[in-house]
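One structure below.
Where a number appears in this text, it was derived from the coordinates with a stated rule and is not lab data. Please read these numbers as outputs of a predicted model, since none were measured by experiment. So basically every Cβ, Gly included, is an ideal-geometry build from the backbone, and we count neighbours across all protein chains shown.
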Amino acid sequence: MVTNLRRTEPHPGGPMSVKDYLQLDDNAIDAKYEYLDGVARLMSGGSGEHDQIAFNVRAAIGEHFLSGPCFVRGSDMRVLVSEANGTYVYPDVTVSCDVADRRRGNKLLRSPRVVVEVLSPSTEKDDRTIKLLAYQAYPTIHEIVLISQFDPHVEIYRRCEDETGWEYTVYGPGSTVELTSVDVHLSMDEIYKRINFDEPLLEE
């Protein structure tokens, strides 16, 4: 008989298995974890501007998908971006055109086509490095959108038609942002609706 058994719980911050990560994330209360390079990373809360921009983009894109197979989801939807390494993330906005991803009750997107990240000081480094590389390596992703919350500035990494590399495009004030893989065009006014860049930032 074995005595003194100690129950082990998944713990964020150090290497863990995919199984342990999924257990941790599924059982978390009022928290979400992404899983990158074998490590679970707690997602921090965003600013009001972050939330507003993500909402604006999701709503604007959704208006283009009133018919057809494509649809849009928000930051509560877990997205798989590596079968081999079991990389799971929660983009601010995700577009999929795979009917399998749209099944009723589905909790995991496996075929993202467009992923959108609203950049925050605490997460921008990961968004531009480890997550960007994971997105570029995943074959179903055609466009990666990075949006500043501090000025009207949008960057898009767009997969080349011959799939040998990526094009990089920057959009500034007055531009129209093109999501060519889903034939969607967004104005800067739509993206930054209700964001006042002239208002001073709250000092903490």
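Here's how it looks for A40: its modeled amide H is under 5 Å from those of G13, G14, M16, which are all 5 or more places away or on a different chain.
Among 110-118, 74-82, 27-35, sorting by the average number of other beta carbon atoms lying within 10 angstrom of each residue, highest first, gives 110-118, 74-82, 27-35. One Cα centroid belongs to the stretch 120-179, the other to the stretch 75-97; the line between them spans 15 Å. The length gained on full extension between D198 and S82, counted as 0.36 nm times the residue separation minus their Cα-Cα distance, comes to 37.7 nm. Taking the Kirkwood radius as Rh and the Cα radius of gyration as Rg, the stretch 16-106 has a ratio of Rg/Rh equal to 0.99. Within the chain, how many Lys pairs that are eight or more residues apart, or on different chains, come under 23 Å at the alpha-carbon? So the count works out to 7. Its residues counted as N, the chain yields a C-alpha radius of gyration over 2.2 N^0.38 Å of 1.10.
Using C-alpha pairs below 8 Å separated by at least 6 residues, the relative contact order for the chain is 15 percent.
Neighbours of V18 by Cβ distance under 11 Å: Lys/Arg scored +1, Asp/Glu scored -1, total -2.
Across the stretch 124-137, rounded Karplus estimates of 3J(HN,Hα) from the backbone phi angles (6.51 cos²θ - 1.76 cosθ + 1.60, θ = phi - 60°) give 4, 4, 5, 4, 8, 10, 4, 6, 4, 5, 5, 4, 5, 7 Hz, Gly and Pro being marked x. Each stretch of four or more DSSP H residues adds -39500 (n - 2.57); spread over every residue of the chain, this sum gives -5500 deg cm²/dmol at 222 nm.
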